[in-house]
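**Q** What follows is a single structure, and I will ask about it in a moment.
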Amino acid sequence: MEQPKTCVSIRHVSKSYKKHHVLQDINLDIFEGEIFGLLGPSGAGKTTLVKQLTGLDTPTSGESYVFQTKMPSLKLITSIGYMAQSDALYEDLSAKENLQFFSSLYGLKGEKQTRRIAEVMELVQLSGDLKRLVSNFSGGMKRRLSLAIALLHEPKILILDEPTVGIDPVLRKSIWEAFYKLKQNGTTIIVTTHVMDEAGKCDRLGLIRDGGLIAVGTPDELKEMSNTTTIEEAFLVYGGAKK
Amino acid sequence: MRVFALTQRILRQIVRDKRTMGLLIIAPILVLTMLHLVFNGGDYTPKIGFVDVPTTVVEQMNLEGADVTTYSDEKSAKADLANRMIDGYLTIANNAPAVVLEGSDPGVAGATMKWLQQAMPTGQENGHSPQLEIDYLHGSSDMGTFDYFGPVLLGFFVFFFVFLIAGVSFLRERTTGTLERLLASPLRKWEIVMGYVVGFGIFTMIQSAIIAAYAIYVLGMMMEGAFGYVLLITLLLALTALTLGILLSSFANNELQMMQFIPIIVVPQIFFSGLFNLDTISKWLSWVGPFTPLYYAADALRDIMVRGYGWGAIYMDIFALAGFSLLFISVNILALRKYRKI
Ligand SMILES: Nc1ncnc2c1ncn2[C@@H]1O[C@H](COP(=O)(O)OP(=O)(O)OP(=O)(O)O)[C@@H](O)[C@H]1O
Ligand SMILES: [Mg+2]
């Protein structure tokens with residue numbers, strides 16, 4: 001089997017706030033073109049871990065590399081699309097104005113900008129709401145707009161922090177179809193989630209608990225190794241085994 | 001260009017928020033108009049009682065500009081004084097005039113004394129001393145308090161509103177997570193600060209031009225110098241307010257905490273802006289003045305508007321204000337390292 005190319009590597013990353021250890025010696029490789037899921041209970045450290053890759057946070061010790069370049073790096077920031085856990089949108093502007101603003105930060109102009117805005121809004125099924133003010137959006141619509149913004153500049157790596165919270169199953173399905181399409185085009189996607197059925201759709205999973213990475217593998221591998229039939233059970237076994 | 005994108009977004013947000021935009025322009029206009037009416041409402045007419053003043057003396061007095069009531073005895077004058085019917089009364093005992101004032105309002109007491117001094121017959125009964133001729137280097141005899149306070153207030157409004165609005169919008173940027181989102185984009189830290197500087201700079205230019213034009217051409221505030229210099233100073237002052245507001249917003253967790261900086265940072269600057277005579281400020285405090293931006297802006301604005309001076313008189317103030325802005329800009333860029341190390 002051909003060895004997939006490493007796209008993200010996290011080496012001995014630990015993070016602590018004062019005495020509180022949030023991440024403990026994390027080692028992880030993520031390959032190009034895969035959908036990698038980070039699964040873990042609330043407060044496990046998922047957000048903290050993905051922030052190390054966006055350049056917004058730096059580890060207390062250890063390093064993280066994206067395309068063999070140590071983060072944070074300004075050069076690499078353009079290759080990353082980040083969707084934060086909480087929607088970071090300008091509520092007093094319309095969806096279109098938000099998209100225009102963020103796309104010009106990534107250097108998208110004129111026709112290309114218009115085309116990309118139309119494409120991403122089509123993808124999240126918000127094409128009809130371009131002119132509306134974001135303050136009039138529902139929670140799920142804001143989530144989708146945040147996703148659209150992360151996709152605007154066609155990044156090589158997408159880092160999505162709980163992208164489908166507040167989105168109904170039908171729409172969630174179509175968003176995942178979009179993820180598979182992006183994956184086919186070579187985009188690496190890193191998603192955090194605590195929804196188990198979503199975890200099953202990832203190529204590989206990393207289970208996080210109390211700041212430690214307790215297991216990494218494909219959903220089937222994880223189930224097999226722990227002798228369980230669902231990811232949920234596997235997660236419980238790994239979590240319990242640690243203690 | 002990325003700075004331009006940020007500038008455009010900031011201007012869009014300001015224009016969209018009609019109420020705040022109204023506040024920024026209408027509120028200063030309203031307050032300046034009221035001050036104009038308060039200060040230029042004419043001189044105070046003191047109410048004075050004459051207790052048994054000999055007619056020979058009264059005949060020689062210039063009674064214009066006061067309401068004079070005559071009393072036959074001091075007791076009734078005292079009663080009226082206590083009831084605040086009169087502001088003071090004059091008695092003449094043994095050829096020596098004496099005045100008793102009500103005295104609870106120093107402004108009224110001052111006006112009463114001033115009137116009495118000019119009304120009393122001077123020197124010998126028929127020896128008319130020559131009229132003292134008064135010339136003004138700056139200003140004129142009809143220059144009012146409004147003209148002197150005006151330039152300071154103009155500066156103060158610009159500082160106050162820009163400080164608050166810019167501080168709050170940056171605070172929102174931080175608390176809604178959009179600042180983090182900006183830093184996850186290729187936007188440089190200096191570009192964020194510059195975007196704010198240019199965006200609010202453009203808005204402040206328009207705001208202060210409108211307010212200054214209104215004060216000068218509608219209210220008739222004294223204006224000896226060039227309008228362009230006034231705009232230059234207000235723009236520089238606005239930049240210090242903006243950059244200081246952004247800086248302090250990182251120490252506030254919400255809008256209310258941003259407001260708490262007003263009595264600590266904004267209001268004290270009034271005391272050193274020359275609204276009150278700087279020479280009479282206690283030595284313990286007067287050293288603070290040169291550390292406040294309004295001190296330089298007020299000085300420069302008064303040089304331009306009252307004294308009609310140009311570049312030669314104000315360039316030091318310009319350097320000081322530009323220095324403040326540069327200092328705050330650099331500290332802001334450093335402070336943003338908290339969110340992204342590079
Ligand atoms: N700035 C901070 N200061 C102190 N502690 C922090 C900070 N940020 C995160 N933490 C702590 O780190 C831990 C992990 O937080 P994190 O946001 O990474 O969790 P998460 O796995 O994303 O949880 P959730 O699923 O609820 O989003 C939590 O215990 C949190 O209290
Ligand atoms: Mg999280």
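The values are calculated or read from the model by the stated rules, or taken from the named source; none is laboratory data. Predicted, not measured: the structure shown is a model, and the values here were computed from it. Ideal geometry is used to build each Cβ from the backbone, glycine not excepted, and the neighbour counts take in all protein chains shown. Surface accessibility is based on the protein's heavy atoms, side chains included, excluding ligands, DNA and RNA. Shrake-Rupley method; radii C 1.70, N 1.55, O 1.52, S 1.80 Å.
**Q** Can you name the residue in segment B:260-292 that is loosely packed, with under 10 Cβ neighbours inside 10 Å and not aromatic (Phe, Trp, Tyr) and is also nearest to the chain's Cα centre (by Cα) among such residues?
**A** B:ASN277
**Q** Please verify whether A:LYS46 is near ligand 1 (Cβ under 10 Å from one of its atoms), at pLDDT 90 or above and open to solvent by less than 30 Å² (accessible area, probe 1.4 Å), treating the condition exactly as stated.
**A** yes
**Q** Tell me which residues, restricted to segment B:145-161, are open to solvent by less than 10 Å² (accessible area, probe 1.4 Å) and modelled with pLDDT under 90.
**A** Scanning segment B:145-161 gives B:PHE146, B:GLY150, B:PRO151, B:VAL152, B:LEU154, B:GLY155, B:VAL158.
**Q** Please find, among A:LEU133, A:LEU145, A:LEU160, the residue that is more than 23 Å from B:GLU191 (Cβ to Cβ), among the hydrophobic types (A, V, I, L, M, F, W, C) and within 16 Å of ligand 2 (Cβ to nearest atom).
**A** Step by step, each of A:LEU133, A:LEU145, A:LEU160 is checked, and only A:LEU160 is more than 23 Å from B:GLU191 (Cβ to Cβ), among the hydrophobic types (A, V, I, L, M, F, W, C) and within 16 Å of ligand 2 (Cβ to nearest atom).
**Q** While we're here: Given the conditions (1) buried (at least 18 other Cβ atoms within 10 Å of the Cβ); (2) more than 14 Å from chain B (Cβ to nearest Cβ); (3) closer than 15 Å to A:ILE159 by Cβ, report the number of the one that A:GLU32 does not fulfil.
**A** Answer for A:GLU32: the failing condition is (1).
**Q** Determine whether B:THR240 is surrounded by fewer than 17 Cβ atoms within 10 Å (Cβ to Cβ) and modelled with pLDDT of 90 or more.
**A** Considered against the rule, which asks whether it is surrounded by fewer than 17 Cβ atoms within 10 Å (Cβ to Cβ) and modelled with pLDDT of 90 or more, B:THR240 comes out as no.
**Q** Considering segment A:49-88 alone, what residues qualify as being away from every other protein chain (no Cβ under 13 Å) and within 12 Å of the chain's Cα centre (by Cα)?
**A** Within segment A:49-88, just A:LEU49 meets the criteria.
**Q** Look through A:LEU28, A:LEU39, A:LEU49 and report the one residue that is within 16 Å of ligand 2 (Cβ to nearest atom) and touching a helix residue (DSSP H, G or I) at 6+ places or on another chain (Cβ under 9 Å).
**A** None of the others qualify; the one that does is A:LEU39.
**Q** Pairs needed: first member in segment A:138-166, within 11 Å of chain B (Cβ to nearest Cβ); second member anywhere, in a strand (DSSP E or B) and away from ligand 1 (no atom under 16 Å from the Cβ); C-beta distance under 8 Å; at least 6 residues apart or different chains.
**A** Taking only residues 6 or more apart or on different chains, the pairs are A:ALA150/A:GLY81; A:ALA150/A:LEU158; A:LEU152/A:GLY81; A:HIS153/A:GLY81; A:PRO155/A:ILE80; A:PRO155/A:GLY81; A:ILE159/A:ILE80; A:ILE159/A:GLY81.
**Q** One residue is enough: does segment A:70-81 have a residue meeting the conditions in contact with a Cys (Cβ under 9 Å, 6 or more places away or on another chain), aliphatic (A, V, I, L, M) and surrounded by 14 or more Cβ atoms within 10 Å (Cβ to Cβ)?
**A** No, that holds for no residue.
**Q** Given the residues B:GLY201, B:GLY167, B:GLY228, B:GLY220, which is the only one that is more than 22 Å from B:ALA27 (Cα to Cα) and in the same structural domain as B:ALA300 (by TED's automatic domain parsing)?
**A** Step by step, each of B:GLY201, B:GLY167, B:GLY228, B:GLY220 is checked, and only B:GLY228 is more than 22 Å from B:ALA27 (Cα to Cα) and in the same structural domain as B:ALA300 (by TED's automatic domain parsing).
**Q** Mind checking whether some residue in segment A:22-29 is more than 20 Å from A:LYS183 (Cβ to Cβ) and within 11 Å of another protein chain (Cβ to nearest Cβ)?
**A** No, segment A:22-29 contains no residue that is more than 20 Å from A:LYS183 (Cβ to Cβ) and within 11 Å of another protein chain (Cβ to nearest Cβ).
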